[in-house]
Protein chains: 2
Amino acid sequence: MLYVVGLGLGDAKDITVKGLEAVRQADRVILEAYTSILTIGREALEEYYGKPVEVADRDAVEQGAAEMLEAAKSSDVAFLVVGDPFGATTHADLVLRARNEGVPVQVIHNASIMNAVACCGLQLYHFGETVSIPFWTETWKPDSFYEKIIKNKSRGLHTLCLLDIQVKEPTPESITKKVKQYLPPRFMSVAQASEQLLKIVEDDCEKVITEDNLIVGLARVGSDSQKIMAGSLKTMSVSDLGPPLHCLIVPGELHPLETEYVEQYLVK
Amino acid sequence: MLYVVGLGLGDAKDITVKGLEAVRQADRVILEAYTSILTIGREALEEYYGKPVEVADRDAVEQGAAEMLEAAKSSDVAFLVVGDPFGATTHADLVLRARNEGVPVQVIHNASIMNAVACCGLQLYHFGETVSIPFWTETWKPDSFYEKIIKNKSRGLHTLCLLDIQVKEPTPESITKKVKQYLPPRFMSVAQASEQLLKIVEDDCEKVITEDNLIVGLARVGSDSQKIMAGSLKTMSVSDLGPPLHCLIVPGELHPLETEYVEQYLVK
């Protein structure tokens with residue numbers, strides 16, 4: 001059996017009881033570690049589960065999928081995903097492959113940033129399409145997500161912006177080499193994302209969004225050290241919400257309860 | 001302390017370890033029972049927790065909030081919500097009241113239909129605004145949700161449709177009386193929702209959606225008896241997905257992986 005277990009968003013105890021039972025009786029436990037992170041590391045999980053946890057990066061998941069599914073035919077494999085199992089396309093793909101190969105699968109759901117983000121008081125019913133904001137480089141500054149934010153806003157809808165994660169990126173020097181060297185992991189902060197947004201907004205003649213637009217920034221949602229801050233785009237571009245993961249929201253129209261809720265996080 | 005604990009979507013073991021610890025040490029446990037249901041009842045929860053569980057309907061939550069917050073000032077109260085604590089406006093309101101009154105609050109997240117719905121293979125990133133479909137009566141047939149579905153579809157986005165729940169509705173005869181009598185609880189099925197949608201579609205001259213439009217129906221998401229079925233609107237209007245809760249999706253544009261995933265649920 002392949003158990004695909006959502007770990008939730010905070011620490012080891014955010015797993016569900018059903019998920020923990022699956023992990024405890026599994027023959028092999030694999031942690032997917034490139035689409036998200038918890039506030040704790042592998043060692044803390046190993047201690048809590050009382051068994052070793054293999055960490056799988058993108059290559060290991062994509063290239064090792066066949067071997068993992070083969071193992072799941074004759075033993076119990078628990079594949080751990082931060083948040084909910086269906087948060088990333090790659091996991092849906094894995095479940096589909098398992099089903100196509102006749103491997104029994106059990107999915108154990110958990111909180112994901114896609115629903116937990118409502119902890120800032122903005123209602124899930126008022127969110128439009130979610131976007132991802134990628135790290136810009138000197139030569140590559142994509143801004144297609146901005147159009148989606150504008151479309152949501154024109155309908156009065158909030159936009160959840162997921163912020164880029166780069167783990168195990170090869171250094172530019174080693175990219176064509178056989179033995180890769182890797183850059184340290186990078187996680188985009190609310191400040192960095194706001195700064196990129198500011199640059200886009202400056203070039204937007206229609207001024208649907210300006211530097212005074214309200215932004216809600218969230219860090220480590222669902223953990224004990226969760227931090228929420230709301231302020232103008234300009235203010236948020238110099239904010240410090242601490243360690244990753246961060247995400248931000250560009251609100252649409254605010255209902256009275258939403259306004260009242262968000263006000264507790266407002267900085268000038 | 002007021003613990004607001006998400007129970008997830010299936011049975012007693014879908015609670016998180018953190019949530020279960022809060023419940024086990026709480027002085028009082030209250031289950032909110034009018035915005036959603038689990039596949040098990042109060043008795044099963046009481047047995048699992050080893051303590052009594054009070055069931056609170058809408059009146060009890062709204063009128064009893066002051067008393068509950070007062071109790072949480074000097075003891076530990078666990079308020080249990082099916083899905084995630086922030087799935088319904090009323091719970092955000094409760095948390096805000098608690099904070100305003102200086103009652104310490106801990107929110108314990110869990111899976112919600114808003115993220116678990118991706119188990120059908122449609123990616124969360126491709127969803128637009130969520131809508132609710134209410135029960136029609138002889139004289140009241142609201143269809144404002146249809147416009148939102150069309151707007152999502154015109155942007156290629158999927159629409160999650162949450163289906164009406166009516167618990168503790170007074171009978172028409174007793175509505176003006178002091179002692180109310182109540183109708184049996186009703187939960188809208190995928191078939192009923194599809195039937196209402198069919199009626200709207202028949203009157204839509206622009207034919208953005210027709211009776212041949214693909215619909216994905218989901219029942220008891222996250223439980224062992226979860227059922228997913230995909231077919232034309234016409235087919236789904238006579239489908240039977242079993243006991244509640246149901247929800248449905250009006251898909252926008254399908255990406256190849258989404259098509260392949262949904263095909264496993266297709267009925268003709």
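One residue stands out among those in the range B:182-200 that are of a type in the set (D, E, K, R) and more than 19 Å from the chain's Cα centre (by Cα): the one that is nearest to B:L214 (Cα to Cα), which is B:E195. Note on the range A:3-37: among residues that are more than 13 Å from every other protein chain (Cβ to nearest Cβ) and crowded, with 24+ Cβ neighbours inside 10 Å, the one that is nearest to A:E67 (Cα to Cα) is A:Y3. Scanning the range A:151-169 for residues that are under 24 Å from A:V55 (Cβ atoms) and in contact with a Phe, Trp or Tyr (Cβ under 6 Å, 6 or more places away or on another chain), we see that the one that is modelled with the lowest pLDDT is A:K168. Output the residues belonging to the range A:218-268 that are under 21 Å from B:D84 (Cβ atoms), in contact with a Ser or Thr (Cβ under 6 Å, 6 or more places away or on another chain) and away from chain B (no Cβ under 14 Å). Result: A:H246, single match. Put simply, of B:E129, B:E138 the only residue that is assigned by TED's automatic domain parsing to the domain that holds B:L197 and either farther than 30 Å from A:L94 by Cβ or in contact (Cβ under 8 Å) with a residue 60 or more places away in the chain (or both) is B:E138.
In the set B:K148, B:K180, only one residue is modelled with pLDDT of 95 or more and of a type in the set (K, R); that residue is B:K148. Give the number of residues within the range A:161-177 that are assigned to a loop (DSSP other than H, G, I, E, B) and either over 25 Å from the mean Cα position of the chain (by Cα) or not assigned by TED's automatic domain parsing to the domain that holds A:T130 (or both). Of the residues in the range A:161-177, 3 are assigned to a loop (DSSP other than H, G, I, E, B) and either over 25 Å from the mean Cα position of the chain (by Cα) or not assigned by TED's automatic domain parsing to the domain that holds A:T130 (or both). Can you find a residue in the range A:2-14 that is more than 18 Å from the chain's Cα centre (by Cα), assigned by TED's automatic domain parsing to the domain that holds A:V107 and within 24 Å of A:C247 (Cα to Cα)? Looking through the range A:2-14, at least one residue is more than 18 Å from the chain's Cα centre (by Cα), assigned by TED's automatic domain parsing to the domain that holds A:V107 and within 24 Å of A:C247 (Cα to Cα). Taking the numbered list (1) more than 8 Å from every other protein chain (Cβ to nearest Cβ); (2) part of a helix (DSSP H, G or I); (3) in contact (Cβ under 8 Å) with a residue 60 or more places away in the chain in turn, A:K148 passes all entries but (3). Restricting the search to the range A:116-145, which residues are over 16 Å from A:G217 (Cβ atoms) and part of a helix (DSSP H, G or I)? Within the range A:116-145, A:L124, A:Y125, A:H126, A:S144, A:F145 meet the criteria.
Out of the residues in the range B:15-24 that are more than 17 Å from the chain's Cα centre (by Cα) and in contact (Cβ under 8 Å) with a residue 60 or more places away in the chain, state the one that is farthest from A:G6 (Cα to Cα).
Once the filter is applied, the top-ranked residue is B:A22.
Return the total of residues in the range A:151-174 being of a type in the set (D, E) and within 12 Å of chain B (Cβ to nearest Cβ). Explain how you work it out, then say what you get.
So the first thing to find is which residues in the range A:151-174 are of a type in the set (D, E), and the list is A:164, A:169, A:173.
In the following step, the residues that additionally are within 12 Å of chain B (Cβ to nearest Cβ) were identified as none.
Count: 0.
Within the range A:66-95, being within 13 Å of chain B (Cβ to nearest Cβ), among the acidic types (D, E) and in contact (Cβ under 8 Å) with a residue 40 or more places away in the chain holds for one residue alone: A:D84.
This table checks each residue for (1) β-branched (V, I, T); (2) modelled with pLDDT under 95.
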site: B:D57; (1), (2): no, yes
site: B:G64; (1), (2): no, yes
site: B:A88; (1), (2): no, yes
site: B:H91; (1), (2): no, yes
site: B:L94; (1), (2): no, yes
site: B:V105; (1), (2): yes, no
site: B:S112; (1), (2): no, no
site: B:A116; (1), (2): no, no
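Look at B:S154 and say whether it is of a type in the set (S, T, N, Q) and loosely packed, with under 13 Cβ neighbours inside 10 Å. Answer is yes for this residue. Of all residues in the range A:39-55, one or more are of a type in the set (D, E) and in contact with a Pro (Cβ under 8 Å, 6 or more places away or on another chain). The set of residues from the range A:96-137 being more than 7 Å from chain B (Cβ to nearest Cβ), under 19 Å from A:G6 (Cα atoms) and surrounded by 21 or more Cβ atoms within 10 Å (Cβ to Cβ) comprises A:A98, A:I108, A:I113, A:V117.
The values are calculated or read from the model by the stated rules, or taken from the named source; none is laboratory data. These numbers come from a predicted model, not from an experiment. Cβ coordinates were reconstructed from backbone atoms using ideal geometry, including for glycine residues, and neighbour counts include every protein chain displayed.
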